[in-house]
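This report refers to the structure that appears directly beneath it.
Computed from the coordinates by the stated procedures, all read-outs in this text should not be read as laboratory data. Everything numeric here is computed off the predicted structure, so don't read it as measured data. Cβ atoms come from the backbone with ideal geometry, glycine included; neighbour counts cover every protein chain shown.
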Amino acid sequence: MELSKDKIIELQQNRDPYLMIDHVTDYEPGKYAKGYKDLNDDWFFKVHWPSDPNMPGMLQVEALVQMSSMAIVTIEGNSGKILYLVNADKLQFKKKIIPGDRLELNTNILSFKRGIATCIGEGLVNNELACKANFTLILPDYIKQFSK
C-alpha cells in the first residue's frame, strides 16, 4: 500500500517546510512504514552549512519519526492525531546527506501499547546506511484513556 504526499498531509499534522517525508511506498498499520524524502533546495541546506550543505542529524531523526508515525496514524481511529517524540537513543549518522539525495526511510514499530510506541528506523542513501535510531513516540489521546 502506498500513500501520496496529499494523503500523508491528511493523516498527520506536520506541514512544509517541516514535513520530512514525501511518499510512503509501503506500510502496515501498527507494524511498519517505508518511504522516502527527496532532498533538493530544502530550507536547511541554506543554513547548515552554506559552504558544505548537508541535512542536520536531528532532521534525519525527525524524518524517521515522521515515517514511523505513518504506521500509527493509519490505525483505524488515529488519522490526524498528534504523536510526540519522547526519547531517542542509539543515534548513528554514517553518511552525509546532501542536496540531490533521496533519503529512503525504513521504520518498524517494535511495540505499541497503551499509546506508547517503541520504534526503530534507518535511512539509506544509494543503498548505504546514512542514519539509524531507536525512539519512543506517544499518542496522548490513548494515554488519556488509561489515566482516568
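Remarks
- Each Cα pair under 8 Å and six or more residues apart adds its sequence gap; the mean of these over the residue count of the range 1-107 is a relative contact order of 36 percent.
- For the range 11-128, lysine pairs separated by 8 or more sequence positions, or belonging to different chains, with Cα-Cα distances below 21 Å total 15.
- A cut-off under 13 angstrom between Cβ atoms defines the neighbours of His23, and their net charge, with Lys, Arg +1 and Asp, Glu -1, is -1.
- Length released on extending from His48 to Lys144, taking residue separation times 0.36 nm less the Cα-Cα span: 30.7 nm
- Estimated [θ] at 222 nm from DSSP helical runs (n ≥ 4, -39500 (n - 2.57)) normalised by residues in the chain, nearest 500: -6000 deg cm²/dmol
- Equivalent ellipsoid of the range 3-148: semi-axes from √(5λ) of the C-alpha gyration tensor, largest first, are 26, 15, 14 Å.
- In degrees, nearest ten, helix 57-73 long axis to first principal axis of the chain (Cα): 30
- Segment Lys95-Asp6, extension gain: residue separation times 0.36 nm, minus the distance between their alpha carbons: 29.1 nm
- Ordering of 99-112, 60-73 by burial proxy (mean other Cβ atoms within 10 Å per residue, highest first): 60-73, 99-112
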